[in-house]
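Heads up: the structure comes next, in structure tokens.
None of the figures in this text is laboratory data; all of them are computed from the coordinates on show. Note that the structure is predicted; figures quoted are calculated from it, not measured. Cβ placement follows ideal geometry from the backbone for every residue including glycine, while neighbour counts extend to all protein chains displayed.
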Amino acid sequence: MIPAPAALARLEEGNRRFAADGPSRGPRAGRGRRRALVAGQEPFAAILGCSDSRVPAELVFDQGLGDLFVIRVAGNVVAPSLVGSVEFAAERFGTRLVVVLGHSGCGAVQATLEQLERPTQSRSPNLQAIVGFIRPSVEALLDATPRPAPEDLLSAAVRANIRTSADHLRHGSAILERLIRDDGLLVVGAEYSLETGLVDFFDGEGR
């Protein structure tokens, strides 16, 4: 088991390599690695990230096969099955770091802002459910006076949504609350910049 601070440092180091186009830490996969993982896995971090094709966690953090337990959903929202997936990683594999990874220009967050400003019934109930998860974290931003510029509004909404998801994991599961209290589990929120390739770990213990 890798303690949360060491796991976080490993992710930060890997992301710096990725953003700088530096040399990878080594082979990400191969026959030997695949065979070694047949008997089991020990991912050192769990990533609850957005499904956006531009934000693949293993590449963004320069990690390989079996290193990360990755859960992806549009808008990095937290629904019961996603909480259960995080609980599974933390209990079964001893993973002590959970990262909620959002990203700049998130389309799901933008769609939520648009729905709040110009409501429509044309979206499917399933897409509307994603908007419903994001909505509470961004509604207050639309009521701000003066109203932020559109790009600033989206940026603030992305971070608000990340914080909400991270808080949900910290306080919405008895299992995770116990592991945070007694066993060193750390849940942090982070934003990936599509422009720079860097991840900013801005929400969480000591952040």
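Quick notes on this one:
- Of the DSSP H helices in the chain, those whose Cα atoms cover at least 18 Å axially and whose Kyte score averages -0.5 or more: 4-19, 125-142, 150-171
- Note on the chain: with charges restricted to the Cβ of Lys and Arg (+1) and Asp and Glu (-1), its dipole about the Cα centre is near 740 debye.
- Here the chain has an Rg and Dmax of 17.5, 58 Å, counting Cα atoms alone.
- Legend: calculated FRET efficiency, Phe88 to Glu12, from the Cβ-Cβ distance at R0 = 25 Å, rounded to 0.05, equals 0.50.
- Cα gyration tensor category, rounded, prolate or oblate, for the range 86-198 with a/c compared to 1.5: prolate
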